[in-house]
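See structure below.
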Amino acid sequence: MQNKLQETARELLAEKKVDVVIGYGETETGAVGAVFIRNPNDVGKLIWDVRCRTNLATYLKRKEVRKLGKPAVVVKGCDSRSIRTLIAESQLKRDDVVVIGMACEGVIDEIPGKANLKEGELALKCTVCDVHQPLGCDVVIGETQNAEIPTDKRYAALERITALPPSERLAYWSKQFERCFKCYACRQSCPLCYCNVCIADKNRPVAIEQSSSLKGNFAWQIVRAFHLAGRCSGCGECARACPAGIELTLLNNTLAKSAEKHFDYRAGMKDDGVQLIGAYSEQDQEEFIR
């Protein structure tokens, strides 16, 4: 698959179909992150293995990257859902990007202390992922089968929190959020956080307390979760990027589960341009209205 990826990238660049290929590369220390290939002779820097965790769709929103010209981007299944959402929200035109999908059986999490995983184990998101074959791509490299995972299994990790009494849930999230020091790594790593001025940065008037107090942290994390309702693809980049190890994926899954339960909606699963927020259907359930 890696050789095929390099061949595809070389062809796209040589034929001037794209100006830059955004993919995965390895540093001298062995770490894997984003690389930006503009010369066909440099495609050997592209790699593909279980260390390719980053959701590269996040770079498509950055003006510095847009200045490089038309991009091709390497995506996994969860990442492809992010791109579909960006297109549905008019943040990206489909013809302005070449999407290279990589069949994915899961990536590993090598970051200590994240989601209680041991080094080398599949990331938590991958154990419940049902989109191994990327969606809506121009090219798909490799072949695998999308899994059929019941809803209760996909949200099993969330159930251990929602099953707690309200007082214990509050204590759990208080313990999580008191570690936040407002570095905003979660925001910067998320493909769907693209506002020119984030509500957390507004100071006339101040919408969210900007200090890293527990009150301000609660406001920031909950507002961000609501802003991702019906938009989060579950890529888990926010939790992986968080230096404090806060289980942000569980928070986002709370809204994702509600969207699926009440509206049968999962972000980026369908290529119909319909969004949860802003769309209306006579079949929408109303049990949540109080």
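How big is the dipole moment of the chain about its Cα centre under a simple scheme where the beta carbon of each Lys and Arg is +1, that of each Asp and Glu is -1, and everything else is neutral? Debye, nearest 20, please.
Numbers: 41 positive and 38 negative charges, 207 e Å.
Dipole size: approximately 1000 debye.
Of (1) 20.6; (2) 20.1; (3) 19.3, which one was derived for Kirkwood radius over Cα pairs in Å from the structure shown?
Read-out taken from this structure: (2).
What residue among 191, 165, 205 shows peak mean-square fluctuation when the chain is described by a Gaussian network model with Cα springs under 10 Å?
Highest fluctuation of the listed residues: 205.
Using 0.36 nm per residue of separation minus the Cα-Cα distance, give me the extension gain between residue 270 and residue 209 in nm, one decimal.
Numbers: separation 61, 0.36 × 61 = 21.96 nm, distance 3.70 nm.
Going from the current span to full extension adds 18.3 nm.
Let me check against my output: what whole-number percent is the relative contact order of the range 1-110, with C-alpha pairs under 8 Å and at least 6 apart? Walk me through the numbers before you get to the answer.
Details: 162 pairs, mean separation 29.5, N = 110.
Result for the range 1-110 is 27 percent.
Indicate the gyration tensor shape class of the range 195-290 (rounded, prolate or oblate), computed on the Cα atoms with a ≥ b ≥ c the square roots of the eigenvalues: a/c under 1.5 is rounded; otherwise a/b larger than b/c is prolate and the rest oblate. Show your work: numbers first, answer last.
Working: a/c = 1.99, a/b = 1.64, b/c = 1.22.
Cα axes put the range 195-290 in the prolate bin.
Kindly provide the helix-only [θ] at 222 nm of the chain, computed as the sum of -39,500 (n - 2.57) over DSSP H runs of four or more divided by all residues, to the nearest 500 deg cm²/dmol?
Dividing the helical sum by the residues of the chain leaves -9000 deg cm²/dmol.
Mind running the shape call on the range 61-198? Use the C-alpha gyration tensor, a ≥ b ≥ c as the square roots of the eigenvalues: rounded below 1.5 for a/c, prolate if a/b tops b/c, oblate otherwise.
On the way: a/c = 2.07, a/b = 1.37, b/c = 1.51.
Since a/c reaches 1.5 but b/c is at least a/b, the shape of the range 61-198 is classed as oblate.
Between residue 7 and residue 159, how many nm apart are label points set 7 Å from Cα along the C-beta direction?
Between residue 7 and residue 159, the simple spin-label model gives 4.5 nm.
Applying 1/(1 + (r/R0)^6) with R0 = 35 Å to the Cβ-Cβ distance of residue 202 and residue 170, what FRET efficiency is obtained, to the nearest 0.05?
Details: r = 27 Å, r/R0 = 0.77.
The computed FRET efficiency comes out at 0.85.
Most exposed first by the Cβ proxy, i.e. fewest other Cβ within 10 Å, how do 80, 233 rank?
Details: 80 26, 233 29.
Least to most surrounded, the residues fall as 80, 233.
List the pairs from 125/182; 202/261; 4/257 whose alpha-carbon separation is above 27 Å, in the order I gave them.
On the way: 125/182 24 Å; 202/261 33 Å; 4/257 37 Å.
Check vs 27 Å cut-off fails for 202/261; 4/257.
If R0 is 30 Å, what FRET efficiency do you get for residue 105 and residue 188 from their C-beta distance, rounded to 0.05? Intermediate values should be presented prior to the final figure.
Numbers: r = 28 Å, r/R0 = 0.93.
Once the sixth-power term is evaluated, E becomes 0.60.
Once you put a point 7 Å from the Cα of residue 179 and another 7 Å from the Cα of residue 93, both along the Cβ direction, what distance in nm separates them?
4.4 nm
So what is the relative contact order for the chain, in percent, with contacts set as C-alpha pairs under 8 Å and at least six apart?
Details: 456 pairs, mean separation 46.3, N = 290.
Contact order relative to length: 16 percent.
Kindly point out, ordered by number, any Cys in the chain whose beta-carbon has no other cysteine beta-carbon under 4.7 Å away.
52, 104, 126, 129, 137, 180, 183, 195, 198, 232, 242
Around residue 188, under 15 Å between beta carbons, what's the net of Lys plus Arg minus Asp minus Glu among the other residues?
Working: positive: 61, 62, 63, 182, 187, 224, 240; negative: 64, 201, 237.
It works out to a net charge of +4.
Given R₀ = 41 Å, FRET efficiency for residue 122-residue 67 by Cβ-Cβ distance, to 0.05?
Values: r = 36 Å, r/R0 = 0.88.
Working from the Cβ atoms, E equals 0.70.
Laboratory data are not the source of any read-out in this text; all were calculated from the coordinates shown. Note that this is a predicted model, so its numbers are computed, not measured. No Cβ is skipped: glycine too gets one built from the backbone with ideal geometry, and neighbour counts run over all protein chains shown.
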